[in-house]
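The values are calculated or read from the model by the stated rules, or taken from the named source; none is laboratory data. All values reported here derive from a predicted model rather than from experimental measurement. Backbone-built Cβ (ideal geometry, glycine too); neighbour counts: all protein chains shown.
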Amino acid sequence: LYIENELRQGIRDSQFHLHYQPQVDSRDGRILGFEALVRWTHPVQGPISPFKFIPIAEATGLIVELGEWVMREACAFSARRAKAGLEANVSVNLSARQFQDANLIATMSKTLRESGIAPDKLHLELTESMLMGDVDTAISQLLEMKRLGVSISIDDFGTGYSSLSYLKRFPVDVLKVDRSFVQDIPEDSNDMEITAAIIAMAQKLNLNVVAEGVETKEQMEFLKANNCFIVQGYYFSRPLEEGAVNALPEHLE
Ligand code: G
Ligand code: G
Ligand code: NA
Ligand code: MN
């Protein structure tokens, strides 16, 4: 209850801000876009990890309000980047409560309109488990999102309960290979096989594929050699404040 009240107060008092982690072309290091990640600096306790507050925001429903703020702020970031002639793709994490929220489409539509960004600049990241409950309802919600013109990614792919037979029914654009498969490349040959198989499957389904959690040059080279051309991770950059992001060169590495 304590942290719930603090969260509510924090939203009111603008204690949240976003960090942005670059997504990069593995062939030439060019920045292709960013994942927005929310941060909370509590006035007394200082920084509080999202691993701590996101689950509470989800359990209390406050994630809907917080998530709306995240989407507005990420779209505003994208608009500022576009105005400056910079790469403006931005990915936002959506939680289950938001995906089930009856107002999601209206809010998203309004946010896009008010920001003035091209809707295809906004990417929404959802997890497999969010889609696998009521599949038909999930598909119609995804179709409404697609009608707004946004792009949809399946986050943490390979860790949830996705059924491959449903995958082709979902109107999604991108698979994000979970970092648990990437982190033990090249020591774990099973993980290498799984990663290569996910990339190959994504290609056959005409989906883009993003590898997350790339921490070493060797991992990046492996992914590139296996036709994964969008990579994200500490090897290129940690999530950064907007000022630091805008100071990055067009090509990293
Ligand atoms: O940066 P990292 O420590 O930031 O994030 C920790 C966890 O919090 C990750 O699982 C990430 O997906 C989640 N997270 C970060 N930002 C957001 C957000 O804006 N919305 C939701 N729903 N989850 C987020
Ligand atoms: O659940 P999701 O995939 O959205 O989580 C993103 C999380 O991964 C964030 O906490 C982010 O800070 C973290 N992250 C991003 N790049 C790396 C990386 O290269 N290594 C590790 N260990 N974590 C990363
Ligand atoms: Na994510
Ligand atoms: Mn992920």
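Before moving on, here are some points about what is shown:
- Residue count for segment 165-200 under the criterion of being farther than 22 Å from D120 by Cβ and assigned to a helix (DSSP H, G or I): the result is 18.
- Scanning segment 62-78 turns up no residue that is farther than 21 Å from F16 by Cβ and either of a type outside the set (G, A, S) or in a helix (DSSP H, G or I) (or both).
- Residue within segment 30-43 that is among the hydroxyl-bearing types (S, T, Y), buried (at least 21 other Cβ atoms within 10 Å of the Cβ) and touching a strand residue (DSSP E or B) at 6+ places or on another chain (Cβ under 9 Å) present: no
- Of residues in segment 13-29 being out of contact with any Gly (no Cβ under 7 Å at 6 or more places or on another chain) and outside any loop (DSSP other than H, G, I, E, B), the one surrounded by the fewest Cβ atoms within 10 Å (Cβ to Cβ): H17
- Residues that are of a type outside the set (A, V, I, L, M) and touching a Phe, Trp or Tyr at 6+ places or on another chain (Cβ under 7 Å) within segment 167-196 comprise K176, D178, P186, D191, T195, listed in sequence order.
- Criterion applied to D178, D156, D173 was being within 25 Å of R113 (Cα to Cα), under 17 Å from the mean Cα position of the chain (by Cα), among the charged types (D, E, K, R) and within 16 Å of ligand 3 (Cβ to nearest atom), and the one residue passing it is D173.
- Residue check: Y166 meets all listed conditions (1) in contact with a Lys or Arg (Cβ under 9 Å, 6 or more places away or on another chain); (2) away from ligand 2 (no atom under 16 Å from the Cβ); (3) aromatic (F, W, Y) but one, namely (1).
- Of all residues in segment 226-253, those that are modelled with pLDDT under 95 have Cβ atoms under 8 Å from Cβ atoms of residues that are crowded, with 17+ Cβ neighbours inside 10 Å and not in a loop (DSSP other than H, G, I, E, B), 6 or more apart or on another chain, in E253/V24.
- Residues located in segment 124-171, provided they are more than 15 Å from S91 (Cβ to Cβ), among the acidic types (D, E) and within 16 Å of ligand 4 (Cβ to nearest atom): E128
- Single unsatisfied condition, S162 versus (1) in a loop (DSSP other than H, G, I, E, B); (2) touching a Gly at 6+ places or on another chain (Cβ under 7 Å): (2)
- Looking only at segment 106-154, and only at residues there that are in a strand (DSSP E or B) and of a type in the set (S, T, N, Q), the one that is farthest from M71 (Cα to Cα): T127
- Selection status of G61, closer than 26 Å to M220 by Cα and surrounded by fewer than 17 Cβ atoms within 10 Å (Cβ to Cβ): no
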